[in-house]
Amino acid sequence: MATNDVLTHPDAVLAAGTPVHFGAGTVLFRPGDVCSGLLLVRSGSVRVQLVSETGRQITLYRVSAGVACVLSTQCLMTDGVYPAEGVAETDVEGVFLGAGQVQRLLREDAPFRAWMFGVYGSRLVDLVMLVEDLLETRIDRRLAHHLVAHAARGALVQTHQAIAADLGTAREVVSRHLKDFERRGLVALGRGQIEVVDRAGLTALAGEAARA
């Protein structure tokens, strides 16, 4: 998480909000919904994604503790509607600030305003980088990078469909490349998890300098 994504004065802002809880899998907003306020996450993660008419998903970004949803920010500032979907990826605890509260804080609270615009700018950069990555990087390299970046203690507990959504491709494509990785001795595929066998090999495939 970038430095300017950190909430600069959480106590005062969080105290002004309404405590909320969402179970994993709860859809928080859909395309076309009007934004009624801003969710500030204390624990858990919200996945913001686009879903095509054929059901293909692409993860745009995630909202976790101390990070604001850029689409909510944009809707609140422009009176627009959501162009994407937000889903609680895990159980989520947080507070909710109504649209009026957010507008008042933007007018009267300089640190809050600076934080909001800082997060907004940071997320825009992330989205530009995502588009560049989708356009320019081969799927096998992006998959290798994903495995190296997210496999904790040598294993990644994530479905092929979830990985496909993160990478903006189809589940079948991910499964095909993972089977190829297994054949090459880079990973071992198990039920519900992927074990990284050759981290150096995956790192080289991802085009990165080897990490310990």
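The values are calculated or read from the model by the stated rules, or taken from the named source; none is laboratory data. What you are looking at is a predicted structure, and each value in this text was computed from that prediction instead of being measured. Here Cβ is always computed from backbone atoms with ideal geometry, including for glycine, and neighbour counts include all displayed protein chains. Quick note on the areas: whole protein, heavy atoms, side chains included, nothing else; ligands and nucleic acids left out. Shrake-Rupley method; radii C 1.70, N 1.55, O 1.52, S 1.80 Å.
Structure summary
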| item | result |
| --- | --- |
| Amide H contacts of Phe29 (H built 1.01 Å from N, under 5 Å, at least 5 apart or other chain) | Gly86 |
| Accessible area in square angstrom per residue, the range 1-129, 1.4 angstrom probe | 49 Å² |
| Rounded to 10°, Cα long-axis angle of helix 139-150 versus longest principal axis of the chain | 70 degrees |
| Extended-chain gain in nm, criterion 0.36 nm per residue less alpha-carbon gap, Ala15 and Ser52 | 9.5 nm |
| Stretch gain in nm, segment Ala114-Val197, where the contour uses 0.36 nm per residue and the Cα spacing is subtracted | 25.5 nm |
| Partnerless Cys - the chain, beta-carbon criterion under 4.7 Å | Cys69 |
| Surface accessible to a 1.4 Å probe, Val41 within the full protein complex, Å² | 10 Å² |
| Whole-Hz couplings from phi, Karplus 6.51/-1.76/1.60, listed for the range 84-95; x for Gly and Pro | 9, 10, x, 10, 5, 6, 9, 4, 10, 10, x, 10 |
| Rounded percent of accessible protein surface that carbon and sulfur make up, the chain, 1.4 Å probe | 55 percent |
| Vicinal HN-Hα couplings computed from phi for the range 102-115 (Karplus, 6.51 cos²θ - 1.76 cosθ + 1.60; Hz; Gly/Pro x) | 5, 4, 5, 5, 5, 6, 10, 10, 4, x, 5, 4, 5, 5 |
| Solvent-accessible area of Leu105 with every protein chain in place, 1.4 Å probe, in Å² to the nearest 10 | 20 Å² |
